[in-house]
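All remarks here apply to the structure that follows.
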Amino acid sequence: MKREKALVVFSGGQDSATCLYWALKRFREVHTITFAYGQKHSLEVAAAKKIAGMAGVDFHLVDIGQIASIGKNSLTDRGMVMDQEKPEHSVPNTFVPGRNLFFLSIAAVYAREKGIFDLVTGVSQTDFSGYPDCRDSFIRSLNVSLNLAMDEQFVIHTPLMWLDKAQTWALADSLGVFGIVRNETLTCYNGIPGDGCGHCPACRLRNAGLHKYLEDRDMALESLGNFNI
């Protein structure tokens, strides 16, 4: 039985698009919220809006560009050279400090006004770049904090938390949206849709998972059975 309503934090990338279609299978009504946070590539927002339209769901854009001015990172600072590898003793400079904290907190306020208490986000600590706000412990902590802050019972869903990128591709395929996720999303840090530039950290992670998945689709699809998604 489908639950009532969900709000998907939607960037227009592979992970959030997969989560959008995951939510459509589980909720009667799905909304999306997208953030303009000063990112270099506005095409991300355009991709999110297009995919939301293709999926037939509500699209809401929130401008929080001020966070680009209070935290230094290579996704918003055009003068900073992007880390190509994770530094040994720190997070890469593609980490946007507080991004998921801001996104989910604002999403919860917006959702509450619409009577929505199920939030969906595409974070994962299995295949990630060491970002602390992608960890399960952070999401669980924030979930408690949001409930205390607003005296509500929000549930933050993280369908991809324990999936690697090959399994994320398998999930998109099992949902019947492999082509949409591959061709219409924008994950590339250099702003190139689809398979992207091929050499930035986001593209390397995405494409390695894609190649692994295509090498053995049956095994990857079967492995999804080990997760409650």
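So which of Ala172, Ala149 is of a type in the set (Gly, Ala, Ser) and open to solvent by less than 20 Å² (accessible area, probe 1.4 Å)? Break it down into steps so the answer makes sense when it comes.
Values: Ala149 fails: open to solvent by less than 20 Å² (accessible area, probe 1.4 Å).
The match here is Ala172.
Quick check: is even one residue across the stretch 18-39 among the hydrophobic types (A, V, I, L, M, F, W, C), open to solvent by 40 Å² or more (accessible area, probe 1.4 Å) and without any contact (Cβ under 8 Å) to a residue 24 or more places away in the chain? Break it down stepwise before answering.
Going through the stretch 18-39, the residues among the hydrophobic types (A, V, I, L, M, F, W, C) turn out to be 19-20, 22-24, 27, 30, 33, 35-36.
From what's left, open to solvent by 40 Å² or more (accessible area, probe 1.4 Å): 24.
Narrowing further to those that are without any contact (Cβ under 8 Å) to a residue 24 or more places away in the chain: none.
Scanning the stretch 18-39, I find no residue that is among the hydrophobic types (A, V, I, L, M, F, W, C), open to solvent by 40 Å² or more (accessible area, probe 1.4 Å) and without any contact (Cβ under 8 Å) to a residue 24 or more places away in the chain, so the answer is no.
Any residue in the stretch 123-139 that is touching a Leu at 6+ places or on another chain (Cβ under 9 Å), closer than 22 Å to Ile64 by Cβ, of a type in the set (Val, Ile, Thr) and part of a helix (DSSP H, G or I)?
Yes, there is a match, as at least one residue in the stretch 123-139 is touching a Leu at 6+ places or on another chain (Cβ under 9 Å), closer than 22 Å to Ile64 by Cβ, of a type in the set (Val, Ile, Thr) and part of a helix (DSSP H, G or I).
Take the residues of the stretch 1-60 that are assigned to a helix (DSSP H, G or I) and acidic (Asp, Glu): which is farthest from the chain's Cα centre (by Cα)? Before the answer, list the steps.
Quick first cut of the stretch 1-60, residues assigned to a helix (DSSP H, G or I) only: 14-26, 43-55.
Filter once more, so that each one left must be acidic (Asp, Glu): 15, 44.
Details: Asp15: 5, Glu44: 12 Å.
This residue is Glu44.
In this structure, does Thr126 turn out to be open to solvent by 50 Å² or more (accessible area, probe 1.4 Å) and not small (Gly, Ala, Ser)? Full working, then the answer.
Details: open to solvent by 50 Å² or more (accessible area, probe 1.4 Å): yes; not small (Gly, Ala, Ser): yes.
Answer is yes for this residue.
Just name the residue that is most open to solvent (accessible area, probe 1.4 Å) out of those in the stretch 191-205 that are in contact with a Lys or Arg (Cβ under 9 Å, 6 or more places away or on another chain) and closer than 18 Å to His41 by Cα. I'd like the intermediate steps shown before the answer.
Filtering the stretch 191-205 for residues in contact with a Lys or Arg (Cβ under 9 Å, 6 or more places away or on another chain) gives 191, 194-196, 198, 201, 205.
Narrowing further to those that are closer than 18 Å to His41 by Cα: 191, 194-196, 198, 201.
Details: Gly191: 10, Gly194: 9, Asp195: 61, Gly196: 24, Gly198: 39, Pro201: 26 Å².
Result: Asp195.
Within the stretch 88-103, does at least one residue satisfy the condition of being under 30 Å from Leu24 (Cβ atoms), at pLDDT 70 or above and open to solvent by 60 Å² or more (accessible area, probe 1.4 Å)?
yes
The values are calculated or read from the model by the stated rules, or taken from the named source; none is laboratory data. Small disclaimer: the values here were computed from a predicted structure and weren't measured. As a convention, Cβ positions derive from the backbone with ideal geometry for all residues, glycine included, and neighbour counts pool all protein chains shown. In case anyone asks, the SASA skips ligands and DNA or RNA and just uses the protein heavy atoms, side chains included. Shrake-Rupley method; radii C 1.70, N 1.55, O 1.52, S 1.80 Å.
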